[in-house]
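Note sheet for the following structure.
The values are calculated or read from the model by the stated rules, or taken from the named source; none is laboratory data. These numbers come from a predicted model, not from an experiment. FYI the Cβ positions are ideal-geometry reconstructions off the backbone, even for glycines, and counts take in every protein chain you see.
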Amino acid sequence: MDGDLSLATLWVAQSNGGTRADSWTSYRNFVRSRIGILRGCLAGMAAVALVTFIAFRLHLNLSTSGSLYFLIVVMVSVVWGFWEASVTSLIAVNCLNYFFVPPVLTFRISDPQDWVALATFEITALTVSRLSTRVQAQARAEGRQRAQVEKLYELGRRILFLDRRRTIGPQIVPLVKEIFEAEAVALFDATLARLDSTGSTAEDLEQLARRAYFQDSTLEGADGRTWAHVLRLGSRPVGALALRGPDLDRLAIVPIASLAAIALERARSFEKEARAEAARQTEQLRTTVLDALAHAFKTPLTAIRTASSGLLEAGRLTADDAELAALIDEQAGHLNRLTSKLLQMARIDAAEVGIRRERVSVLTLIEDALARLREQVHGRRASVSDSAASLEVCGDREILAAALEQFLDNAFKYSTVGSPISVTVEENLGEVVIAVHNEGQPIRPADRERIFERFYRAPESRHRASGTGLGLSIAKKAAEAHGGRTWVVSEERTGTTFFFALPSGPGRRYESVAG
Amino acid sequence: MSQSQGRVLIVDDESSIRRAVHNTLQGMGFHVDEASSGEAALRLAVETPHDVVLLDINMPGIGGVRACRELRRNLPRLGILMLTVRDSEEDKVAALDAGADDYITKPFNIRELAARIRAAVRRSSASQVDLDAPIRIGSVELDPARRLVRKGGEPIHLTPKEFDVLHYLMAHAGLPITHARLLQAVWGPEYGGELEYLRTFVRQLRKKIEDEPAEPAYLLTDSHVGYRFLEARPEPVEVRS
């Protein structure tokens with residue numbers, strides 16, 4: 001019953017000019033289909049011969065033997081197909097003519113009515129066998145479709161059980177091959193730039209899969225049994241799947257490819273999840289360790305500072321001794337600032353996991369930052385623009401104040417002594433931008449990005465002010481943890497301005513409440 | 001060292017800190033006792049009267065905040081100074097709410113610690129605060145009876161609530177007042193979380209009493225904790241080296 005289909009395929013292949021025909025394969029198919037038809041025809045002929053012999057010996061009349069022939073033709077069409085039935089019907093009509101239409105044992109027909117009878121027989125036989133074949137074909141197609149759906153369901157089910165921790169490609173390729181009884185399968189995963197294949201002569205398939213991905217389409221192989229389809233998620237191509245097998249067509253490969261794409265995406269999202277979880281755990285561990293370390297540093301530092309400042313305070317030291325005690329005191333102070341900043345950094349790192357958010361006016365943040373710097377600024381002032389009181393941001397107050405503290409500290413440290421320091425705040429394109437300006441030596445262009453890196457200090461500042469190389473990176477991390485950003489503009493003429501921008505987000509502006 | 005400046009109890013689980021503080025404070029004329037836990041401190045404070053307790057906020061056992069609450073309940077007039085680390089603002093607020101007078105951040109300069117202790121000793125030895133007594137700090141004068149405020153002799157017009165805020169802060173000059181405590185004292189017990197509201201008030205107040213509102217000299221911000229009015233200095237202002 002395959003003969004019918006194979007022949008049809010062959011004809012289509014030949015009518016396409018045979019350009020893509022692999023001549024050997026098509027010849028083999030041709031022979032195979034011929035043999036199939038031959039088998040049906042021979043069976044039909046044998047049946048016709050048998051009926052002829054029996055009917056002739058029993059002297060059955062024309063209409064009875066005609067019905068018997070008709071039965072044979074219908075059965076051949078049911079069992080083998082239209083072409084076999086047609087051949088059988090032609091032989092049958094000739095036998096009918098020769099043995100049963102008078103004058104018998106000649107091909108001549110004396111009565112014109114017999115012509116009509118024979119023609120009717122042939123036409124009816126052909127029509128009925130055509131119809132029956134079509135019904136058969138439909139039933140077969142439905143069966144194939146059902147089988148296809150079952151296979152797809154099976155693939156979908158098995159995809160759920162793939163090990164998502166391992167690469168998906170090598171797992172899914174044999175699965176597709178097994179379920180769809182394909183000869184070869186290849187999968188191109190564009191994200192990993194990886195090709196996996198299984199089965200015979202899979203190299204061609206790999207190439208085809210790669211091409212399907214880059215051309216973002218469905219491709220058909222030279223033999224007509226090989227197909228490649230791009231894997232898409234939404235509109236985004238993520239790879240391609242290529243298959244070779246007997247029962248495959250353009251329609252079959254599309255749902256297989258969709259399932260493969262889903263399998264890839266599932267693995268990808270799992271991987272992303274796992275990576276995020278691992279990063280979170282690492283971060284948490286790092287933060288905990290850093291936090292514990294920083295706290296552990298505070299105890300000896302407190303003892304050292306108490307002792308050194310106590311020595312100085314007691315006033316019983318010689319000038320040289322006092323100098324040394326002052327040095328200890330000063331350096332303990334420096335070590336303390338470094339520890340505090342590490343602690344702040346750890347807290348910001350930890351906060352990225354889950355930041356506490358509240359609405360707070362920018363002026364409050366600036367006031368907090370200035371209050372924390374009170375001891376270090378030695379009476380120097382920063383002017384704050386009026387807009388600071390009316391603009392609000394949403395975020396962790398402590399972290400944001402710590403970030404601004406770094407900017408202000410920086411401005412106090414590196415500005416020309418006695419020059420003004422100003423803080424301006426404005427809302428611009430959905431961002432609240434806080435700018436801290438100071439006059440002084442500009443920052444070299446090469447350093448403008450790097451000064452925000454952890455522990456980086458510009459070469460010219462290393463010997464000037466006592467810094468830790470942490471302050472600006474704290475500010476940057478704090479901004480980023482809130483979906484904001486930091487940058488610096490620095491020129492000889494205008495001075496240096498550090499910017500801290502945060503998304504202003506939804507919400508109301510703060511209305512000031514009069515007393 | 002002829003005469004003790006006061007009796008201080010240092011409570012910290014770290015012996016190095018106890019040793020350092022003990023020796024330096026003793027050198028400066030204080031009488032010092034030590035305790036290594038909150039439980040021991042409670043016992044010692046009840047047995048022997050102290051002027052001031054220096055209480056570490058992070059200790060094993062009952063911990064600094066609970067020890068503070070117990071001490072305050074038993075000894076209402078005892079000066080309690082918490083030893084905290086920076087970036088533990090919530091602990092500071094908790095300690096102040098538990099009845100601590102003030103806090104100092106580790107590592108501290110001994111001179112600053114000594115100044116805080118002396119102030120606490122003064123407060124604990126002073127008679128009950130007379131809430132109606134006029135207060136004068138720097139160039140700011142406040143007369144509760146007549147509800148009058150002068151700055152350098154010039155009268156300043158304040159709204160009733162502004163006056164109450166200023167009065168409360170000046171009556172506790174030198175001490176940190178948490179946002180919640182200030183709100184409850186002035187607006188009533190149902191208040192406590194209206195921080196931005198309070199900040200706006202303080203800004204208005206600063207515009208009226210400060211020379212430079214952006215850089216306040218009297219009405220100071222204690223980051224994340226609350227406000228603190230400049231302490232009245234009985235002795236001449238020290239010049240920092």
* Asked: Are any of the residues in the range A:157-167 of a type in the set (A, V, I, L, M) and either surrounded by fewer than 18 Cβ atoms within 10 Å (Cβ to Cβ) or farther than 24 Å from residue A:236 by Cβ (or both)?
  -> yes
* Asked: Just checking, which of B:73, B:66, B:43, B:19 is within 12 Å of another protein chain (Cβ to nearest Cβ), among the charged types (D, E, K, R) and not in a loop (DSSP other than H, G, I, E, B)?
  -> B:19
* If residue A:423 satisfies every condition in (1) part of a strand (DSSP E or B); (2) surrounded by fewer than 19 Cβ atoms within 10 Å (Cβ to Cβ); (3) among the β-branched types (Val, Ile, Thr) but one, which is the exception? -> (2)
* Structure fact -> residue A:264 passes all but one of the listed conditions (1) at pLDDT 85 or above; (2) not in a helix (DSSP H, G or I); the exception is number (2)
* Out of A:63, A:77, A:110, sole residue that is in the same structural domain as residue A:127 (by TED's automatic domain parsing), within 30 Å of residue A:138 (Cα to Cα), out of contact with any Lys or Arg (no Cβ under 7 Å at 6 or more places or on another chain) and not aliphatic (A, V, I, L, M) -> A:77
* To do: Take the range B:212-229 and flag every residue that is assigned to a loop (DSSP other than H, G, I, E, B), of a type outside the set (Phe, Trp, Tyr) and modelled with pLDDT of 90 or more.
  => none
* To do: Please go through the range A:282-335 and pick out each residue that is in contact with a Lys or Arg (Cβ under 6 Å, 6 or more places away or on another chain) and among the hydrophobic types (A, V, I, L, M, F, W, C).
  => A:332
* To do: Provide a single number: the residues in the range A:127-166 that are in a helix (DSSP H, G or I) and farther than 30 Å from residue A:96 by Cβ.
  => 23
* To do: For residue B:208, state whether it is within 10 Å of chain A (Cβ to nearest Cβ), surrounded by 16 or more Cβ atoms within 10 Å (Cβ to Cβ), touching a residue at least 24 places away in the same chain (Cβ under 8 Å) and among the basic types (Lys, Arg).
  => yes
* To do: Please identify the pairs in which a residue from the range A:477-498 that is not assigned by TED's automatic domain parsing to the domain that holds residue A:350 and part of a helix (DSSP H, G or I) has its Cβ atom under 6 Å from the Cβ atom of a residue that is β-branched (Val, Ile, Thr) and surrounded by fewer than 18 Cβ atoms within 10 Å (Cβ to Cβ), counting only partners at least 6 apart or on another chain.
  => A:481/A:355
* Asked: Assuming residue B:62 fulfils every condition listed in (1) within 28 Å of residue B:167 (Cβ to Cβ); (2) surrounded by fewer than 21 Cβ atoms within 10 Å (Cβ to Cβ); (3) hydrophobic (A, V, I, L, M, F, W, C) apart from one, which condition is it?
  -> (1)
* Structure fact -> Of B:153, B:193, B:174, the only residue that is away from chain A (no Cβ under 14 Å) and surrounded by fewer than 16 Cβ atoms within 10 Å (Cβ to Cβ) is B:153
* Structure fact -> Restricting the range B:158-211 to residues that are under 17 Å from the mean Cα position of the chain (by Cα), assigned to a loop (DSSP other than H, G, I, E, B) and among the small types (Gly, Ala, Ser), the one nearest to residue B:224 (Cα to Cα) turns out to be B:174
* Which of the residues that make up the range A:298-325 are within 20 Å of residue B:104 (Cα to Cα), of a type in the set (Ser, Thr, Tyr) and more than 7 Å from chain B (Cβ to nearest Cβ)? -> A:308
* Asked: Given the conditions (1) more than 13 Å from chain A (Cβ to nearest Cβ); (2) touching a helix residue (DSSP H, G or I) at 6+ places or on another chain (Cβ under 7 Å); (3) buried (at least 19 other Cβ atoms within 10 Å of the Cβ); (4) at pLDDT 90 or above, and given that residue B:96 satisfies all but one, which numbered condition is not satisfied?
  -> (2)
* Asked: Do you know which of the residues in the range A:386-398 that are part of a helix (DSSP H, G or I) and more than 10 Å from chain B (Cβ to nearest Cβ) is farthest from residue A:438 (Cα to Cα)?
  -> A:390
* Confirm whether residue B:94 is outside the structural domain of residue B:43 (by TED's automatic domain parsing) and over 19 Å from residue B:219 (Cβ atoms). => no
* Structure fact -> Of those in the range A:359-373 that are more than 7 Å from chain B (Cβ to nearest Cβ) and not in a helix (DSSP H, G or I), the residue modelled with the lowest pLDDT is A:373
* Asked: Among the residues of the range B:177-190, which ones are over 30 Å from residue B:121 (Cβ atoms) and either within 14 Å of another protein chain (Cβ to nearest Cβ) or in contact (Cβ under 8 Å) with a residue 12 or more places away in the chain (or both)?
  -> B:187
* **Residue satisfying condition, being modelled with pLDDT of 85 or more and within 21 Å of residue A:369 (Cα to Cα), within set A:473, A:490** => A:473
* To do: State whether the residues of the range B:136-148 include one that is farther than 24 Å from residue B:206 by Cα, more than 11 Å from chain A (Cβ to nearest Cβ) and surrounded by fewer than 21 Cβ atoms within 10 Å (Cβ to Cβ).
  => no
* To do: Quick one: which residue in B:201, B:163 is buried (at least 19 other Cβ atoms within 10 Å of the Cβ), at the interface with chain A (Cβ under 9 Å from one of its Cβ atoms), out of contact with any His (no Cβ under 8 Å at 6 or more places or on another chain) and aromatic (Phe, Trp, Tyr)?
  => B:201
* Filtered residues of the range B:100-114 (kept if in a helix (DSSP H, G or I) and either in contact with a His (Cβ under 9 Å, 6 or more places away or on another chain) or more than 7 Å from every other protein chain (Cβ to nearest Cβ) (or both)) -> B:112, B:113, B:114
* Would you check if there is a residue in the range A:167-178 being over 15 Å from residue A:257 (Cβ atoms), among the hydrophobic types (A, V, I, L, M, F, W, C), outside any helix (DSSP H, G or I) and in contact (Cβ under 8 Å) with a residue 24 or more places away in the chain? => no
* Residues located in the range A:228-255, provided they are part of a strand (DSSP E or B) and more than 22 Å from the chain's Cα centre (by Cα) -> A:244
* To do: Among the residues of the range A:90-126, write down those that are assigned to a helix (DSSP H, G or I) and in contact with an Asp or Glu (Cβ under 6 Å, 6 or more places away or on another chain).
  => A:93
